[in-house]
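Below you'll find the structure, written out as structure tokens, and then a few comments.
The values are calculated or read from the model by the stated rules, or taken from the named source; none is laboratory data. Since the structure is predicted, the reported quantities are computational estimates derived from the model, not experimental observations. Quick reminder, even Gly has a Cβ in these numbers, built from the backbone with ideal geometry, and neighbours come from all protein chains shown. Note: accessible area is taken over every heavy atom of the protein model, side chains too, but ligands, DNA and RNA are not part of it. Shrake-Rupley method; radii C 1.70, N 1.55, O 1.52, S 1.80 Å.
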Amino acid sequence: MNRRPARTRHRAAKPTTRPRSALPSRELESDAAQATGEVVLRSHLSQPHIFRKQIQRVVGDPEMGSFVSLQDDTGQRVGYGLFNPKSEIRVRLLSRGEHFPRDFWKTRLKQAFEYRKNFLGLDSRTDVYRLVHSEGDGLSGLMVDRYRDILSVEVFSPGMLQRAESLLELLHPLCGTHHHLIRCSPQSLKQEGFSVLPHASGDCPTSCVVEENRVRFQIEFPDSHKTGFFCDQRENRLGLSNYCKGKSVLDLCCYTGGFSVYAAALGRAKEVTGVDLDEQAVSTARKNEKLNRQRIRFLHADIFPWMRDAISNGQTFDVVVLDPPKLINHRKDFEKGCQTHFDMNRLAMQLVAPGGVLLTCTCSGLLGGDEFFKLVCAASRQSGDPLPGQKSDALPRRGVRTMKIFDRTGAGADHPVTGESPQTAYLDAIWCRLE
């Protein structure tokens, strides 16, 4: 059976120099001046996403992206947020309390910047990192990644899209950056009910080279997914390099070669193979190979038939990385996505040499860390069994393996999660030794 994982790491259209949207831009000063409507809740305010069913009534006639105040069921004003009448998430909370701070936007951006610069000290290790992480920085619906002199923005709500240019006017002098591009995910456009094409500042470069822990990467913005690069795996890439010296490494769903290049350049692996279904990503991975003066075997292939062929040929690797794209976008995709995760982990485990290491990941937030943990454990118990519809003698059995889980990690510290929105923790990585 040729089961392909969905490629939900979306590739954006080529950015234009002007925003193409029916939504008017909004000035930040007007938010502090006056709310355009009031949303009355059915109960108390508990978390930053206020869904349609939580709302008792809307006072006034707020439009898409409007700044509104929030009132709880006792009649007390409890906060402010951005309104969207077309989304299940009707309001994205910005600020709690009776009054909206006049310097709210500038203060939140400054806090986010100083957290990365002074507390984490990221500038000493890299020039690519998450600068604003939506709910984690109290700015629900806004993601900003820094790529040297470029700020790459992804917005998830019309309210943030309308304010993006104004927010960048505050961020650029704070960070010392000069260029930017703004895009929205197709999934968000559908869920939030608005349309816009990616757009960039007039002189924004289409590519750049960034450095992370002395490893260099080519970023091709028009051909990339999300904001351009997955900096959330930075610490995991560095951690993997500790197990690679003199070893054979397999990087499944390698994208632009993040784990592969680290394994070769920092880990000094004996040999590295990267496999991905995205032809453009593999092309960029080969550029990163040359950029770091390494020799890596990058293959454009569907990992499912590739893994089955490798198992049939008796291949094994000392270190295997499995970092697939997001497989569960909606709850209706949950069962299918879990089955795909389960099947690919069963096959990947058979490619790990005795005593070897498997790093397996999921970025599907709906698949919680504990559920993913149980899924990986179950996959290890059935790693020698055939997949559904596959003949029992189609693949050689590896026999019973003992899986020792020695670490569980997530996204880097520049992707913080707040106590009031723990559900926004989306990346889980499990480190195993197969004996």
Note to self: Taking a virtual spin label 7 Å from the Cα of residue 47 along the C-beta vector, which residues in segment 303-331 bring their backbone nitrogen under 16 Å of it?
What the structure shows: 330-331
Next item on the list: Determine Rg/Rh for segment 262-317; Rg is computed over alpha-carbon atoms and Rh is the Kirkwood hydrodynamic estimate from the same atoms.
Entry: 1.00
Next item on the list: Give the residue from 363, 43, 430 lying farthest towards the positive end of the charge dipole for the chain; charges sit on Cβ (+1 for Lys and Arg, -1 for Asp and Glu) and the dipole is referred to the Cα centre.
Entry: 430
Next item on the list: Grab the Cα-Cα distance for residue 271 and residue 287, subtract it from 0.36 nm times how many residues apart they are, and report the gain in nm with one decimal.
Entry: 4.0 nm
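Which shape class applies to segment 262-377: rounded if a/c is under 1.5, otherwise prolate when a/b exceeds b/c and oblate if not, where a ≥ b ≥ c are the square roots of the Cα gyration tensor eigenvalues?
Values: a/c = 1.83, a/b = 1.47, b/c = 1.25.
Judged from the Cα gyration tensor, segment 262-377 comes out prolate (a/c at least 1.5, a/b above b/c).
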Margin query: If I take R0 = 45 Å and measure r between the Cβ atoms of residue 28 and residue 213 in this structure, what FRET efficiency does the formula 1/(1 + (r/R0)^6) give, to the nearest 0.05?
Written below: 0.80
Check: Shape call for segment 107-249 from the C-alpha gyration tensor, a ≥ b ≥ c root eigenvalues: rounded (a/c under 1.5), prolate (a/b greater than b/c) or oblate?
Finding: prolate
Note to self: Between 353, 378, 200, where does the largest GNM mean-square fluctuation fall for the chain, given springs only between Cα atoms within less than 10 Å?
What the structure shows: 378
Notebook entry, point to check: With labels modelled as points extended 7 Å from the Cα through the Cβ direction, what inter-label distance (nm, one decimal) is found for residue 402 paired with residue 279?
Noted result: 4.7
Notebook entry, point to check: Say each of residue 189 and residue 149 gets a label point 7 Å from the Cα, pointing the same way as Cα to Cβ; how far apart are those two points in nm?
Noted result: 3.0
Check: Hey, if you put +1 on the Cβ of every Lys and Arg and -1 on every Asp and Glu Cβ in the chain, which of 262, 167, 208 ends up farthest toward the positive end of that dipole?
Finding: 262
Notebook entry, point to check: Direction-averaged shadow area of the convex hull around the Cα atoms of segment 78-184, nm²?
Noted result: 6.9
Check: Å³ per residue of the Cα convex hull, for segment 117-163?
Finding: 77
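What is the gain in length, in nm to one decimal, between residue 106 and residue 55 on full extension, counting 0.36 nm per residue of separation less the C-alpha to C-alpha distance?
15.4 nm
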Margin query: As a test of reading the structure, rank 401, 148 by solvent-accessible area (1.4 Å probe, protein chains only), most first.
Written below: 148, 401
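Suppose only helical runs count, i.e. DSSP H with n ≥ 4. What mean residue ellipticity at 222 nm does that imply for the chain under -39500 (n - 2.57) per run, divided by all residues and rounded to the nearest 500 deg cm²/dmol?
Numbers: 10 runs with 111 residues, N = 435.
Roughly -7500 deg cm²/dmol at 222 nm, from the helical runs in the chain.
Using the Cα centre as the reference, give the magnitude of the dipole from point charges on the C-beta atoms of the chain (Lys, Arg: +1; Asp, Glu: -1; all else neutral), rounded to the nearest 20 debye.
Details: 61 positive and 51 negative charges, 230 e Å.
The calculated dipole for the chain is roughly 1100 debye.
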Check: Placing +1 at every Lys and Arg Cβ and -1 at every Asp and Glu Cβ, with all other atoms neutral, what dipole size does segment 111-226 have around its Cα centre, in debye to the nearest 20?
Finding: 200
Margin query: Testing the spin-label approximation: label points 7 Å from Cα along Cα→Cβ at residue 40 and residue 371. State their distance in nm.
Written below: 3.6
Check: If you take the square roots of the eigenvalues of the alpha-carbon gyration tensor of segment 92-135 and sort them as a ≥ b ≥ c, do you get rounded (a/c under 1.5), prolate (a/b over b/c) or oblate?
Finding: prolate
Next item on the list: Could you please state, rounded to a whole Å, how far the C-alpha centre of segment 315-365 is from the C-alpha centre of segment 209-250?
Entry: 19
Check: What is the gain in length, in nm to one decimal, between residue 300 and residue 203 on full extension, counting 0.36 nm per residue of separation less the C-alpha to C-alpha distance?
Finding: 31.6 nm
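Over the chain, what is the relative contact order in whole percent, taking alpha-carbon pairs under 8 Å and six or more residues apart?
15
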Check: In square nanometres, what is one fourth of the surface area of the convex hull spanned by the alpha carbons of the chain?
Finding: 20.6
Item checked: Heavy atoms of residue 194: accessible area, 1.4 Å probe, square angstrom to 10 -> 20
Next item on the list: Report, in degrees rounded to the nearest 10, the 0 to 90 angle that the Cα long axis of helix 279-291 makes with the longest principal axis of the chain.
Entry: 80
Item checked: segment 85-169, dipole about Cα centre (Lys/Arg Cβ +1, Asp/Glu Cβ -1), debye to the nearest 20 -> 160
Check: With point charges of +1 on the Cβ of Lys and Arg and -1 on the Cβ of Asp and Glu, referenced to the Cα centre of the chain, which listed residue (184, 412, 81) lies farthest in the positive direction of the dipole?
Finding: 412
Item checked: Helix 369-381 axis, angle to the chain major axis (alpha carbon atoms, nearest 10°) -> 10
Next item on the list: Under a 10 Å cutoff between Cα atoms, tell me which one of 133, 415, 330 has the largest fluctuation in the Gaussian network model of the chain.
Entry: 330
Next item on the list: Could you state the angle between the C-alpha long axis of helix 334-350 and the longest principal axis of the C-alpha atoms of the chain, as a value from 0 to 90 degrees rounded to the nearest 10?
Entry: 30
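Using the per-residue mean of other Cβ atoms lying within 10 Å as a proxy for protection, in what order, highest first, do the peptides 182-191, 238-247 fall? The partial results should precede the final answer.
Numbers: 182-191: 18.9, 238-247: 17.3.
Highest-to-lowest ranking by the protection proxy: 182-191, 238-247.
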